[in-house]
Amino acid sequence: MKIRSLTLILLSTLLAAVIFTACKVSYSFTGASIAPNVKTFSVYYFPNRARLVNPNLSMEFTQGTYGLENKIIKQTSLNQVQENGDLEFSGQITDYDVRPMNISEGDLAAQNRLTITVKVKFTNNKDHEQDWEKSFSAYEDFSSTSSLNAVEDGLVPEIVKKLTDDIFNASIANW
């Protein structure tokens, strides 16, 4: 009886192992959903076409610590190539704007909002049905008692991080 139970357990385990290895499940802790035939990516330089220009923004968005290239490198196993990647990201920074927010007594702004807008073209050279072109915006608020120059170095990386998260989710994570 014990041998029969042991044999049944062994056969069940073997059958389960065969079933699970036959099924391909793609799961990633980063949320990335990448087809097996996609191996490379390219991020082209995003020129700053906004009316108000931050001279470091293009480089920071493209290659900075929170930039799009680094986001993809850290979150996927894709190899970066200079051009013609399986996945391609191109576009431009279209807006860099400061607006008053929370108008208080005497028509004074209690806060200002820095907003950055980026137009992105995503091309999936392995499946062109996934291609898209859209704009992404993100912002950070700051006290109206501070000048933009005083807070810009702290705000821009936070906004870039939000933008690259949104772009990553729209393209690679397919959210």
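The values are calculated or read from the model by the stated rules, or taken from the named source; none is laboratory data. Just so you know, these numbers come straight off a predicted model, no measurement behind them. Please note: Cβ atoms are built from the backbone with ideal geometry, for glycine as well, and neighbour counts cover all protein chains shown.
Does residue 84 count as closer than 17 Å to residue 45 by Cβ and over 18 Å from the mean Cα position of the chain (by Cα)? It is true that residue 84 is closer than 17 Å to residue 45 by Cβ and over 18 Å from the mean Cα position of the chain (by Cα).
Of all residues in segment 149-171, how many are crowded, with 19+ Cβ neighbours inside 10 Å and touching a Lys or Arg at 6+ places or on another chain (Cβ under 9 Å)? Total satisfying the criteria: 3. Hey, does segment 121-130 have a residue that's in a strand (DSSP E or B), out of contact with any helix residue (DSSP H, G or I) (no Cβ under 8 Å at 6 or more places or on another chain) and touching a residue at least 12 places away in the same chain (Cβ under 8 Å)? Yes, segment 121-130 contains a residue that is in a strand (DSSP E or B), out of contact with any helix residue (DSSP H, G or I) (no Cβ under 8 Å at 6 or more places or on another chain) and touching a residue at least 12 places away in the same chain (Cβ under 8 Å). Tell me, yes or no, whether segment 86-108 has at least one residue that is at pLDDT below 95 and within 21 Å of residue 134 (Cβ to Cβ). Within segment 86-108 (the criterion being at pLDDT below 95 and within 21 Å of residue 134 (Cβ to Cβ)), the answer is no, since none of the residues qualifies.
Among the conditions (1) more than 24 Å from residue 103 (Cβ to Cβ); (2) under 13 Å from the mean Cα position of the chain (by Cα); (3) not in a helix (DSSP H, G or I); (4) not hydroxyl-bearing (Ser, Thr, Tyr), the only one that residue 169 does not satisfy is (3). Here 81, 98, 53 are screened, and the one residue that is under 16 Å from residue 123 (Cβ atoms) and of a type in the set (Val, Ile, Thr) is 81.
Screening residue 32 with (1) at pLDDT 95 or above; (2) buried (at least 18 other Cβ atoms within 10 Å of the Cβ); (3) assigned to a loop (DSSP other than H, G, I, E, B) gives one miss only, at (1). What are the residue pairs meeting all of these: first residue in segment 72-101, first residue of a type in the set (Ser, Thr, Tyr), second residue assigned to a loop (DSSP other than H, G, I, E, B), Cβ atoms under 6 Å, and 6 or more apart or on different chains? Close Cβ pairs (under 6 Å, with a partner that is assigned to a loop (DSSP other than H, G, I, E, B)) amount to 76/32; 90/44; 94/49; 96/50; 96/52; 96/54. Exactly one residue out of 159, 93 is in a strand (DSSP E or B) and either touching a Ser or Thr at 6+ places or on another chain (Cβ under 7 Å) or closer than 22 Å to residue 64 by Cβ (or both): that is 93.
Candidates 129, 133, 83, 88: the one that is touching a Phe, Trp or Tyr at 6+ places or on another chain (Cβ under 8 Å) and over 23 Å from residue 165 (Cβ atoms) is 83.
Just give me the residues in segment 162-175 being hydroxyl-bearing (Ser, Thr, Tyr) and closer than 10 Å to residue 71 by Cβ, in sequence order. Full working, then the answer.
Taking segment 162-175 as the starting set, the residues that turn out to be hydroxyl-bearing (Ser, Thr, Tyr) are 164, 171.
Passing the criteria: only 164.
The set of residues in segment 35-50 that are within 19 Å of residue 127 (Cβ to Cβ) and either assigned to a loop (DSSP other than H, G, I, E, B) or aromatic (Phe, Trp, Tyr) (or both) comprises 35, 36, 37, 38, 39, 41.
Which of the residues belonging to segment 51-88 are assigned to a loop (DSSP other than H, G, I, E, B) and either buried (at least 17 other Cβ atoms within 10 Å of the Cβ) or in contact with a helix residue (DSSP H, G or I) (Cβ under 8 Å, 6 or more places away or on another chain) (or both)?
54, 56, 64, 65, 66, 67, 76, 78, 85, 86 - these are the residues of segment 51-88 that are assigned to a loop (DSSP other than H, G, I, E, B) and either buried (at least 17 other Cβ atoms within 10 Å of the Cβ) or in contact with a helix residue (DSSP H, G or I) (Cβ under 8 Å, 6 or more places away or on another chain) (or both).
Hey, among the residues in segment 142-174 that are farther than 30 Å from residue 122 by Cβ and β-branched (Val, Ile, Thr), which one's modelled with the lowest pLDDT?
To start, the set of residues in segment 142-174 that are farther than 30 Å from residue 122 by Cβ comprises 142-151.
If we keep only those that are β-branched (Val, Ile, Thr) as well, we get 145, 151.
On the way: 145: 88, 151: 96.
By that ranking, first place goes to 145.
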